[in-house]
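Pasting in a structure now, in structure tokens, and then I'll have a few things to ask.
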Amino acid sequence: MNVTHHPDARRFVLELPEGLAYLAYEPLAGDTLDLQHTIVPDEAQGRGVGTALVEAAFEHARSNDLRVVPSCPFVAEWLGDHPEQRDIIASGE
């Protein structure tokens, strides 16, 4: 899946035949991304679309020395299955 980053819209995006899937974020304190909402069209759920979006966001954060706040329940659940990614979670999370 080819996830694209749209910094002006503050989203990681996948364009699908079923519609637009995205992970919305809000930048905090200059070096932190608050991952807020993962949206996947109903028809595309269960195919790894949300996972691809979260993985792209974490890859972006790592490559840019950013921390993340997992406000989105899907992101928090994903982290439960990927504890090795917790090292870039912002303090207090």
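Bear in mind that the values in this text are calculations on the coordinates, not laboratory data. Note that the structure is a prediction, hence the values are computed from the model and not measured.
Measure nothing fancy, just the Cα-based angle from helix 49-63's long axis to the longest principal axis of the chain, in degrees from 0 to 90, nearest 10.
The helix 49-63 is inclined about 30 degrees to the chain.
Using a Gaussian network for the chain with springs between C-alpha atoms less than 10 Å apart, which of these wobbles most: ALA29, ALA56, ALA76?
Answer for the Gaussian network model of the chain: ALA29.
Additional query: Quick one: which residues, 5 or more positions from THR32 or on another chain, have an amide H under 5 Å from its amide H? H modelled 1.01 Å from N in the peptide plane, none for Pro or chain starts.
The answer is ARG67.
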